[in-house]
1. Which one is surrounded by the most Cβ atoms within 10 Å (Cβ to Cβ) among residues in region 52-68 that are under 17 Å from Tyr12 (Cβ atoms) and touching a strand residue (DSSP E or B) at 6+ places or on another chain (Cβ under 9 Å)?
2. Select from region 147-200 the residues that are assigned to a helix (DSSP H, G or I) and polar (S, T, N, Q) and write down the one among them that is nearest to Asn215 (Cα to Cα).
3. Only one of Arg144, Arg129 is touching a residue at least 60 places away in the same chain (Cβ under 8 Å), of a type outside the set (A, V, I, L, M, F, W, C) and not assigned by TED's automatic domain parsing to the domain that holds Arg299; which?
4. Return the pairs, sorted by first residue and then second, in which the second residue is among the hydrophobic types (A, V, I, L, M, F, W, C) and at pLDDT below 95, the first residue lies in region 286-311 and is part of a strand (DSSP E or B), the beta carbons are less than 8 Å apart, and the residues are 6+ apart or on different chains.
5. Please verify whether Leu11 is on the phi > 0 side of the Ramachandran plot and aliphatic (A, V, I, L, M), treating the condition exactly as stated.
6. Tell me which of these Arg121 doesn't satisfy, since it passes every other one: (1) in a helix (DSSP H, G or I); (2) modelled with pLDDT under 95; (3) over 18 Å from the mean Cα position of the chain (by Cα).
7. Looking at region 186-200, which of its residues are of a type in the set (Lys, Arg) and surrounded by 19 or more Cβ atoms within 10 Å (Cβ to Cβ)?
8. Without any contact (Cβ under 8 Å) to a residue 24 or more places away in the chain and closer than 30 Å to Asn81 by Cα, is that true of Asp152?
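The values are calculated or read from the model by the stated rules, or taken from the named source; none is laboratory data. The shown structure was predicted, so the numbers you read here are calculated from the model rather than taken from an experiment. Positions of Cβ are generated from backbone atoms using ideal geometry, with glycine treated the same way; all protein chains shown enter the neighbour counts.
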Amino acid sequence: MIEDALHKPVLYEEVLQALQPGPGKKFIDCTLGLGGHAQGLLERSSPDGRLLGIEADPESLALAARRLQRFHSRCVLVNDNFTNLERIARENEFIPANGVLFDLGVSSFMLEGLERGFSFRIDSPLDMRFDPRQTRTAFDVVNRLSEQEIADILYRYGEESRARRIARAIVKARSHSEIRTTIQLASIVERAVAPQRGHIHPATKTFQAIRIFVNRELENLQSALTQATDLLESGGRLAVISFHSLEDRIVKQFFAREARGCVCPPQIPVCVCGHEPRLRVLTRKPITPAPEEVEQNPRSRSAKLRVAERI
C-alpha cells in the first residue's frame, strides 16, 4: 500500500506554482491525503516554511506522517475534518496563513486500499465514511431512508437522472434482506439501469452521491471556504482542486461572490449588505491536467484547479 503514497498528486506543479511556496511561509493543506502536495510545499519553503495538514481519515494520516517525517518540527498533522479549519488553525498558530489548499478528490488508496465501501469494484461493507468516528454510514442510507429520500440524494449529489428508478430498486431489494456490501448495491443498480456501451459503470453516480451525503462534503466545503478566506493574510492564496461539477460550481460561485462588492438582491435599489471584495480571482477558467498527466493518471481527467488571492 505504501507505494501508492509515493505517487505524485493531481496537478502537482500547478498547485505549487499557484501557492508560491518560499522560506518562512505558512501553508494549510486541508485535505492532506497521502501528503503529496504537502511534501512539495515543505520542500520549496525550506528551510523554515511550515505546514499544517488536516486529514479526516486516520489511516491516510498515518501514511502521510511517514512520508513527511523528515520535516518533523516544520510540519503539524491533525486528524480532523476541515469543517473545523479555523479552530485547528488557531490552536496551532497558523493564522494568518500564506496559502490554503483543498484537494477534494478521493485517493486511490481510499478507493481501493481500504475496505470501507468507496468502490463498487471491491466487495466490502457499505460504509463510505472518511472519518470512522462519524455515525452515519452508507449502510444507513441504503437500508434506513425512504425511497423518496434515497432518490433525492441520488439526484442532488450524483446528478443521477434515473434516481427514482434506482431508489425503487434499492427499496424493493432491501425488503427481502438488508443490503450490506458494495457488490450487492452495485448489482442492484446495474439490474435497475441497463449499462450503456462506452459509458461509465451505471453505479458510479449512485456511489458518488451516497459518499457525498454521508460525509456532508458539499456543506462542509461551503463552510471551509469561508473560514479559509478569513484566515488568509493579504496576498495569501486559496487553491481548490475539484473533481465533479457540484464541487466546482460551489467554488466558482464562492470566488465570484467574494470578488465583488454589493451582493444585495437586484430588487433592492440601494446597497444594504455592506459586502466588500475579499478575493481576487486568478483563474478566469479552471486549470486542468495536461494530456501527459491524464495518460499517466486517468483519475486526474476531471480535475479542475481554481485559485484566488486575498485582497
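1. Step by step, filter region 52-68, then rank; the result is Gly53.
2. Thr182
3. Arg129
4. Close Cβ pairs satisfying both conditions: Lys304/Phe243.
5. On the way: on the phi > 0 side of the Ramachandran plot: yes; aliphatic (A, V, I, L, M): yes.
Judged against the criteria, Leu11 is a match.
6. (1)
7. none
8. The answer is yes for Asp152.
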